[in-house]
Every structure is written in structure tokens, then in C-alpha cells.
1. Using 0.36 nm times the number of residues separating GLU12 and ARG174, minus their current alpha carbon distance, what extension gain do you get?
2. Please determine, in degrees from 0 to 90 and to the nearest 10, the orientation of helix 5-28 with respect to the longest principal axis defined by the Cα atoms of the chain, where the helix direction is its Cα long axis.
3. Helix 120-145 versus the longest principal axis of the chain: what angle, 0 to 90°, nearest 10, using Cα atoms?
4. Given (i) 1.14; (ii) 1.03; (iii) 1.20 as candidate values of Cα Rg over 2.2 N^0.38 Å, which corresponds to the one derived from the coordinates?
5. What are the GluC sites (Glu not before Pro) within the stretch 54-95 that DSSP puts in a loop, where the Cβ has at most 11 other Cβ atoms within 10 Å?
6. Roughly how many percent of the accessible protein surface of the chain is carbon and sulfur, given a 1.4 Å probe and a whole-percent answer?
7. Among GLY179, ALA158, PHE60, which residue has its Cα positioned farthest towards the positive end of the charge dipole of the chain, with +1 placed on the Cβ of Lys and Arg, -1 on the Cβ of Asp and Glu, and the dipole taken about the Cα centre?
8. May I ask you to give the solvent-accessible area per residue for the chain, in square angstrom, as obtained with a 1.4 angstrom probe?
Amino acid sequence: MEEGLRERKKRETRLRIADMAMGLFMTRGFDNVTVAEVARAADVSVNTVFNYFRTKEDLFMDRWDEVEDLPSKVVRERRPGEGIVAAFRRDFLDALDTGDWRYGLHEGADHFGRLVADSPSLTARMRELEHATDVRLARTVEEETGADPDDLAPVIVAAQILVVTRALARTAIRRKQAGEGWAEILPDVRRQAEEAFDLLADGIGDYGRALS
């Protein structure tokens, strides 16, 4: 259905507020910026900010819903004959090659990670996001494979895959924060990713193979 004028204006306002907030956070640090300052920068009232974002942390993580669903999307969109591990291998390496943000391996990811680490409230919110992502992915695997609700396999498969992708991203970001360049880091990440997904494939490679 075509987006109406009111919906478009609301979407644009939300995006402007989020962009202004992130610019301030990246420049000054999350804890050093107030919601009132964000409102002034976006030329809206504080009440308007809270109409779109429940908390200050939500301003920083304005793409929460999208991020939470990304791993589940990989499972839902796997190719015919493709298992869940193979789908994640393909998607991870594609993000690596294209510089896409979805696994946190992109320009600015080191700064983003430092902002989270420096703010206790953002660190706590990130843990909430990771937990929500874990739960959603396990549920999606269960639905896509037709597993019994008491079957632990979807939970185990989801946990193993997310541990791998997060470990790869965190290792790369730590190296970037230590001063290395992406040109040095990314070839190693690709090699480590291939090795990690090989290990997963040896154990759960056939799980959830799409039939059509």
C-alpha cells in the first residue's frame, strides 16, 4: 500500500531526530548529550522526541526492530537446498565483501562499539537486544523446520550461529580500535569466518535445509 503524506512526514521526522541524535552522540559521547539538546538540533520539542522514542537509549538504537530481525531474515530467505549454516555463511561473507553494516563490520563500527562500551545504559540495552535476537532466531528456526516446541535443537542452533557471528565481529572491532586498518583486518576475518562456519557445518550443516 502506498505511503500516505501523514505517514511519510512521521517517518521523515523520526529519521531526522535519530540522525541528529546519532551525530551528537558520535561527536560528544552518549552520556554527554541530553534529550533536550537532541530536540533543539532536530528543531522539535522534547515531547515530540519522546513521541517517537520511548527512551534516550532508543534514540541510539533506532534500528532495533530491524537489527533484531536480521538473523531470522537470513533463515527465512535461505535458498532451495540450503541449510541454515550455509545461509549464514553466504550472508556473512556477502556483508564482509560489500561493507554492509548488518554484522557490524563497516566504517564507524569501532566508534559505535566504543560508545556502547563507555555507557553502562547502552551496554545494558545492547544485552537486551542480543537476548531478544537470540529468542527471535530460535523461534524462527523452530517455525521454519517444524520442530516440536519441546525440541532444544532450534535454541542450540541459533545460539551457536550467533556466538560465531558476534565473536567474529567483536574480534575485528577490537583490532580496529587498537589502530589496525580494515585492509589488514578483513582478510583475516574472512579466513576466520570460513574456518568457523566449517566447524558449524561439521556439526549442524544439514539442519534446516530448505526444500523449496
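The values are calculated or read from the model by the stated rules, or taken from the named source; none is laboratory data. Everything quoted here is computed from the prediction, not taken from an experiment. All Cβ positions, glycine included, derive from the backbone under ideal geometry; neighbour counts span all protein chains shown. The protein model used for the area step is the full one, side chains on, heavy atoms only, and it has no ligands, DNA or RNA in it. Shrake-Rupley method; radii C 1.70, N 1.55, O 1.52, S 1.80 Å.
1. On the way: separation 162, 0.36 × 162 = 58.32 nm, distance 3.42 nm.
Contour length minus Cα-Cα distance gives 54.9 nm.
2. That works out to roughly 90 degrees.
3. With both axes taken from Cα atoms, the answer is about 40 degrees.
4. The value matching this structure is (i).
5. GLU77
6. 51 percent
7. PHE60
8. I get 56 Å² per residue for the chain.
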